[in-house]
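The values are calculated or read from the model by the stated rules, or taken from the named source; none is laboratory data. The structure presented is a predicted model; accordingly, all values stated were derived computationally and were not measured. Cβ placement follows ideal geometry from the backbone for every residue including glycine, while neighbour counts extend to all protein chains displayed. Side chains included, ligands, DNA and RNA excluded: accessible areas come from the protein's heavy atoms. Shrake-Rupley method; radii C 1.70, N 1.55, O 1.52, S 1.80 Å.
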Amino acid sequence: MYLSPSGTALDSKEKEPVEYTIPTLESPPVVKRWHFPMHLSLRHPAASVMEFRVLGNYTVIQVVLMAGYTGAVFYAAFYQSNPFTDPQRAGWVIGSQFPFVYAFATKNNVIGLLVGVGYEKLNYLHRHIGRLLVIGANVHAISYIYKWCLAGTMSAKLTEPIVRWGILTLVCFDLLGFFSIQFVRMKYYNLFFRTHAVGLIVALPAVCYHVQPAVPYVIAASVVYGLDHIIRAIKTRFTTATLRTIPTMGLTRVDIPSLSTGWRAGQHVRLRVLSTSMGLWGMTEVHPFTISSAVNTEEGLVLMCKRTGKWTTKLYEMAQTTAPGEQGQEPGRRVKVMVEGPYGGIGDTTVPNYTGAMFVVGGSGVTFALSAVQDLVLAGDRSRTKVIEVVWSIVDPAALEHFLPLFAPLVSQDGPARVRVSVFYTRATAHSFEGLVLPPGITLAPGRPNIGKLLDGLVASMMSKGDAHGAFVAVCGPAGLGEGVARAVRTYNVDSKKAVGGIQFHEECVFL
């Protein structure tokens with residue numbers, strides 16, 4: 001039963017209840033799992049100051065790490081050295097950073113593999129080292145220009161090939177630095193991406209012609225970059241997808257039934273649509289989307305693509321049309337796609353080892369929760385998770401109607417894990433909910449979610465199940481939502497955290 005904000009009950013006009021089904025898997029023998037709470041999940045709120053966001057969207061610990069790296073680079077470049085009398089030193093230091101700036105830019109990041117996080121979590125280091133490289137290149141160039149001007153040899157030096165190649169390298173670095181500022185990345189991402197690709201490729205041979213001893217650094221960077229693209233090619237699949245629209249949320253649903261395994265909950269893939277309807281440039285673009293389905297299901301790999309820019313708008317418009325020859329088939333537009341991945345996810349964290357799990361998502365971030373919850377439910381007795389909470393914040397409550405066929409089987413399943421979905425909408429609507437019946441376990445309410453109270457409910461449910469082995473809390477959505485959930489977890493009562501074995505926090509919010 002659905003309760004309107006005024007408290008009026010709306011009865012269904014359907015004569016028979018709607019039946020939903022959920023894919024099932026044959027459960028293998030139960031495997032005993034041990035849970036060891038992470039130190040960060042039990043720490044005192046006073047220690048959580050390291051997770052506060054400062055200088056935009058950086059955490060304190062990220063700022064400390066970047067400051068330490070900057071100090072090391074500056075020490076190597078300027079300790080007991082005057083850049084105006086020894087300009088070569090700055091050049092050698094920036095040359096030594098080539099392998100690192102390229103390594104942190106790769107999707108198949110060796111460093112990320114070692115520390116157990118996706119490439120997107122380390123991209124801030126790529127940006128930071130890149131800024132240091134641009135600064136160092138300009139210090140190197142200005143120092144030589146100053147030296148040549150004093151000696152009166154500026155005109156003669158500009159005729160030397162080694163200097164001209166150095167100027168080309170400097171231009172590449174400066175263009176990379178300018179088009180990498182946050183405003184350009186957010187407003188003109190395609191311009192940023194294309195200038196980045198051209199600049200990074202041109203800069204490497206230019207450096208080799210500029211100074212021969214830099215070749216080893218260039219080779220190291222090229223090997224890292226080349227291996228990354230080889231692995232990308234290996235992880236790429238060409239297949240056919242079906243496009244459908246979800247108008248109330250401005251989403252394009254992409255179904256790829258031919259891909260049914262090979263990913264974990266929370267991971268994403270990079271999608272390229274091979275159709276002239278996307279335009280010439282559109283066919284060359286690759287965009288990341290979170291996988292919203294579990295492995296080994298009939299529906300296969302499912303993506304929810306929110307209409308936010310030109311490319312996703314073209315995808316949405318194409319999904320609204322039916323191509324010639326598809327009449328009489330199931331609704332949707334069939335297109336050829338290229339799928340690369342998967343990438344990212346929750347790293348080495350094993351969610352089925354936790355007694356409770358809460359997924360706080362906003363808008364299209366619900367795709368992250370869908371795949372994770374389906375994965376936990378399908379695990380059955382292989383998982384020790386007993387309580388699963390999904391908190392979904394949306395603008396228009398009408399969007400819930402399109403997701404009921406996905407949520408209903410999760411909350412009605414009779415497995416060991418109890419699933420509850422709390423949906424909050426933030427905009428008043430004239431939409432009529434007459435005839436809408438929400439299954440038990442799904443609630444709809446106006447306003448924004450109170451994360452503190454929801455955490456209290458999660459902890460209480462876990463304690464009622466007996467021995468608790470930790471809670472996993474994840475957030476996926478806008479930056480503001482991520483900051484709010486992170487703050488609630490940081491400041492949550494320490495005794496309550498210890499009582500349930502700690503609260504492990506994971507954030508999937510993207511900061512460009």
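Taken over segment 462-486, the criterion of being assigned to a helix (DSSP H, G or I) and either touching a strand residue (DSSP E or B) at 6+ places or on another chain (Cβ under 8 Å) or without any contact (Cβ under 8 Å) to a residue 12 or more places away in the chain (or both) is satisfied by Met462, Ser464, Gly480, Leu481, Gly482, Glu483, Val485, Ala486.
Quick grid of which residues meet (1) in a helix (DSSP H, G or I); (2) surrounded by fewer than 21 Cβ atoms within 10 Å (Cβ to Cβ); (3) of a type in the set (Phe, Trp, Tyr):
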{"position": "Ser293", "(1), (2), (3)": "no, no, no"}
{"position": "Thr312", "(1), (2), (3)": "yes, yes, no"}
{"position": "Pro331", "(1), (2), (3)": "no, yes, no"}
{"position": "Lys336", "(1), (2), (3)": "no, yes, no"}
{"position": "Asp348", "(1), (2), (3)": "no, yes, no"}
{"position": "Val360", "(1), (2), (3)": "no, no, no"}
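When segment 482-496 is limited to residues that are of a type outside the set (Ser, Thr, Tyr) and open to solvent by less than 40 Å² (accessible area, probe 1.4 Å), the one that is farthest from Ile394 (Cα to Cα) turns out to be Val494.
A single entry from Val184, Val171 fulfils the requirement of being out of contact with any Phe, Trp or Tyr (no Cβ under 8 Å at 6 or more places or on another chain) and part of a helix (DSSP H, G or I): Val171.
Of the numbered conditions (1) free of Cβ contacts under 8 Å to residues at least 40 places away in the same chain; (2) under 29 Å from Pro352 (Cα atoms); (3) touching a strand residue (DSSP E or B) at 6+ places or on another chain (Cβ under 8 Å), Thr261 fails exactly one; give the number of that condition. Failing condition for Thr261: (3). Quick check on Leu410: is it crowded, with 21+ Cβ neighbours inside 10 Å, in contact with a Gly (Cβ under 7 Å, 6 or more places away or on another chain) and either part of a helix (DSSP H, G or I) or free of Cβ contacts under 8 Å to residues at least 40 places away in the same chain (or both)? It is false that Leu410 is crowded, with 21+ Cβ neighbours inside 10 Å, in contact with a Gly (Cβ under 7 Å, 6 or more places away or on another chain) and either part of a helix (DSSP H, G or I) or free of Cβ contacts under 8 Å to residues at least 40 places away in the same chain (or both). Of all the criteria given as (1) surrounded by 15 or more Cβ atoms within 10 Å (Cβ to Cβ); (2) among the aliphatic types (A, V, I, L, M); (3) closer than 17 Å to Val419 by Cα, the one not satisfied by Ala460 is (1). Candidates Ile451, Ile394, Ile388: the one that is surrounded by 14 or more Cβ atoms within 10 Å (Cβ to Cβ) and more than 25 Å from Pro352 (Cα to Cα) is Ile394. Examine segment 109-130 for a residue that is aliphatic (A, V, I, L, M), farther than 23 Å from Leu204 by Cβ and surrounded by 17 or more Cβ atoms within 10 Å (Cβ to Cβ), and state whether such a residue exists. Looking for residues that are aliphatic (A, V, I, L, M), farther than 23 Å from Leu204 by Cβ and surrounded by 17 or more Cβ atoms within 10 Å (Cβ to Cβ), one finds at least one in segment 109-130, hence yes. The condition of being farther than 22 Å from Val295 by Cβ, modelled with pLDDT of 90 or more and either open to solvent by 10 Å² or more (accessible area, probe 1.4 Å) or assigned to a strand (DSSP E or B) (or both) does not hold for Glu340. For the criterion of being out of contact with any Ser or Thr (no Cβ under 8 Å at 6 or more places or on another chain), part of a helix (DSSP H, G or I) and surrounded by 14 or more Cβ atoms within 10 Å (Cβ to Cβ), Ala241 fails.
Every condition in (1) modelled with pLDDT of 90 or more; (2) open to solvent by less than 70 Å² (accessible area, probe 1.4 Å) holds for Arg420 except the one numbered (2). Checked against (1) touching a residue at least 12 places away in the same chain (Cβ under 8 Å); (2) out of contact with any Phe, Trp or Tyr (no Cβ under 8 Å at 6 or more places or on another chain); (3) farther than 30 Å from Ser260 by Cα; (4) not hydroxyl-bearing (Ser, Thr, Tyr), Phe238 passes all but condition (3).
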